[in-house]
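Since every read-out is calculated from the coordinates, none of them should be taken as a lab result. Computed from a prediction, not measured in an experiment: that's the story for all the values here. In this analysis, Cβ positions are derived from the backbone assuming ideal geometry, glycine residues included, and neighbour counts consider all displayed protein chains.
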Ligand code: PRX
């Protein structure tokens with residue numbers, strides 16, 4: 001029996017049992033048989049959740065790009081590694097072979113080195129979904145530089161915060177980006193950000209849109225001539241297992257974004273292993289994940305997981321609605337996609353459109369459909385199953401997080417029977433626990449609680465860049481000796497898990513994690529605003545949308561309220577990005593607060609979702625009279 005590729009339910013149970021009874025032996029075998037190492041480990045795992053300190057494959061050396069590229073060359077040099085599908089369907093797709101990808105990554109790695117980059121340096125990558133993004137990420141990994149990819153929809157402010165937080169000395173970007181029928185001036189955004197980033201020494205710029213950009217002397221350089229001059233071969237750096245591979249920022253419920261640090265060996269082993277099983281990838285298949293590489297889904301399941309398996313992975317530059325709502329399905333037909341992985345928000349948006357957009361295309365190549373990023377509601381699940389999968393392709397509802405590095409709870413297609421809205425069973429090696437508010441584990445079935453993980457898995461984030469204490473406080477203090485996910489979940493009568501949503505102040509809007517605190521900070525900087533509180537409310541397409549309760553400084557002021565709302569959203573766009581804009585803004589005279597001055601978000605959430613029958617006891621509030629007033633004027 002190969003533990004690497006699970007094909008039957010019985011096999012899943014057997015392998016799962018093995019993986020939790022003797023995790024070290026289990027992961028050692030997977031690591032030994034399916035990856036190439038420069039030198040082997042002394043110890044498979046050491047861990048202590050109180051510090052917290054987690055180390056996998058300590059003492060080993062490797063380079064993840066040798067596993068993603070070099071080792072495939074003897075057998076797959078001419079196989080397609082990446083299919084690049086441009087924003088504009090009239091522009092030809094590119095089929096980049098493993099041989100070509102290896103060469104481009106080597107050239108880019110040499111460019112980095114010639115421009116002063118050394119192992120351990122941080123590089124900020126702010127690029128659209130073009131092949132150079134994949135080359136850059138892999139080139140960083142090859143030379144041992146730590147990449148910090150920032151989603152190219154973030155504003156200059158958000159970009160500057162992320163560049164400074166981990167002291168990036170280089171930024172790699174493009175002149176502009178295409179998104180549907182829009183062109184975005186990425187270099188202009190970088191220029192503004194860099195006014196506040198004194199540590200950045202060099203900016204490498206690739207051409208995509210051909211837009212006019214300003215190049216700052218001795219700081220900004222066009223990438224193309226540097227790549228043309230660079231050698232096409234490069235010796236990969238020897239990396240220790242626990243050397244950082246990348247930093248990726250995720251929103252927290254408070255304060256600035258958290259730079260989650262992932263390390264080389266465990267991340268590689270787990271993303272590769274989950275990719276193989278959860279998508280049942282077989283040689284020759286074409287796999288497409290529609291996420292952006294600016295998010296963890298793109299890191300783990302567009303780049304590292306697929307390439308470590310020698311797979312063909314599609315990189316899509318565009319959006320699902322351009323040039324029309326049939327674009328996803330047109331691409332599936334065109335490239336004969338076998339595994340398709342997207343977010344519920346995209347499914348809901350497409351389900352609202354005319355069915356002809358789906359029916360027009362031949363989707364018979366599809367074997368597996370994936371969902372990620374937020375709970376998938378029953379209606380969207382059925383639409384996806386009926387109209388995209390024609391009832392033949394299992395839907396894998398994959399639950400995981402930026403922090404977990406890889407998929408944690410998910411069906412294995414053709415192995416685990418699926419149930420709409422259920423992420424079903426823990427993946428191999430994952431030991432979930434549901435906890436009550438007093439800190440006890442809730443055993444048995446048909447129960448719900450807060451979702452924790454009891455035992456380390458190879459791809460867990462090891463720290464928050466520059467703030468280990470915050471890492472401990474956020475994830476390891478709520479429940480003793482357990483990793484706390486921040487999500488609630490239930491376990492049904494057969495032991496399947498269903499994720500019920502966040503239990504903290506993180507709101508998932510269109511599959512993007514947004515912390516309320518940074519948005520409130522952005523709003524409060526508006527000169528007319530005294531205080532604000534943001535909560536989520538259910539939204540047909542986005543899953544959740546944002547509702548802002550805003551107190552103005554001068555209540556009687558005769559300002560144009562509509563204009564003020566626009567200014568507030570503009571303020572958010574500048575500080576964070578358009579993804580964090582509010583759908584509703586209500587100006588209020590006060591916010592319901594506890595006697596200790598804490599905003600009662602529970603009450604605001606109920607008001608925002610129109611569920612005001614059961615507000616609970618409000619008599620203990622500091623200002624109960626405010627509740628009625630806010631409720632009467634709710635939008
Ligand atoms: O609340 C869960 C939700 O997304 C959060 C993690 O967000 P992020 O770090 O941005 O990573 C998203 C992509 C892995 C989780 O804490 N979430 C993710 N997948 C699911 C989900 N909620 C329900 N069902 C899912 N399949």
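Annotations
- Look at the alpha carbon pairs under 8 Å that are at least 6 residues apart: their mean separation over the length of segment 1-144 gives a relative contact order of 16 percent.
- Cα→Cβ-extended label distance, 7 Å offset, between residue 33 and residue 378, nm: 4.2 nm
- For a label point 7 Å along the Cα-to-beta-carbon line of residue 446, residues of segment 466-510 with backbone N under 13 Å: 491-495
- Full-extension gain in nm, residue 553 to residue 232, via 0.36 nm per residue minus C-alpha separation: 109.5 nm
- Overall form of segment 541-611 per C-alpha gyration tensor (a/c, 1.5; a/b vs b/c): oblate
- Rounded if a/c under 1.5, otherwise prolate or oblate - segment 344-450, Cα gyration tensor axes: prolate
- Nitroxide proxy distance, nm - points 7 Å out along Cα→Cβ at residue 224 and residue 633: 5.6 nm
- Euclidean distance between Cα centres, segment 287-325 to segment 7-34, Å: 28 Å
- Residue 118/residue 77 FRET efficiency (R0 25 Å; Cβ-Cβ; nearest 0.05): 0.25
- Computed lengthening from residue 22 to residue 617, 0.36 nm per intervening residue step minus Cα-Cα distance: 209.3 nm
- Computed packing ranks the peptides 256-268, 343-355 as 256-268, 343-355, most packed first, by mean other Cβ atoms within 10 Å.
- Percent of alpha-carbon pairs separated by more than 43 Å within the chain: 20 percent
- When only alpha carbons are used to place a centre, segment 49-87 and segment 503-557 end up 39 Å from one another.
- FRET efficiency estimate (nearest 0.05) - Cβ-Cβ, residue 4 to residue 95, R0 30 angstrom: 0.65
- Among beta bridges from DSSP that stay inside segment 187-285, the antiparallel ones total about 65%.
- Among beta bridges identified by DSSP and lying wholly in segment 506-632, the antiparallel ones come to about 80 percent.
- By other beta-carbon atoms within 10 Å, ranking 519, 442, 599 with the fewest at the front produces 442, 599, 519.
- Neighbour-count order for 222, 37, 400, fewest beta carbons within 10 angstrom listed first: 222, 37, 400
- Taking the DSSP beta bridges with both ends in the chain, the antiparallel portion is around 60 percent.
- Order of 468, 147 - criterion: other Cβ atoms within 10 Å of each residue's Cβ, fewest first: 468, 147
- Pairwise centroid distance, computed over Cα atoms, of segment 594-630 with segment 157-227, Å: 45 Å
- CD proxy at 222 nm, helix term only [per DSSP H run n ≥ 4: -39500 (n - 2.57); per residue of the chain; nearest 500]: -8500 deg cm²/dmol
- The value of relative contact order for the chain, using C-alpha pairs under 8 Å at least six residues apart, is 12 percent.
- Overall form of segment 506-632 per C-alpha gyration tensor (a/c, 1.5; a/b vs b/c): oblate
- In this structure, residue 560 and residue 390 have a Cβ-Cβ separation that, at R0 = 45 Å, corresponds to a calculated FRET efficiency of about 0.30.
- Segment 506-632 - percent relative contact order, Cα under 8 Å, separation 6 or more: 22 percent
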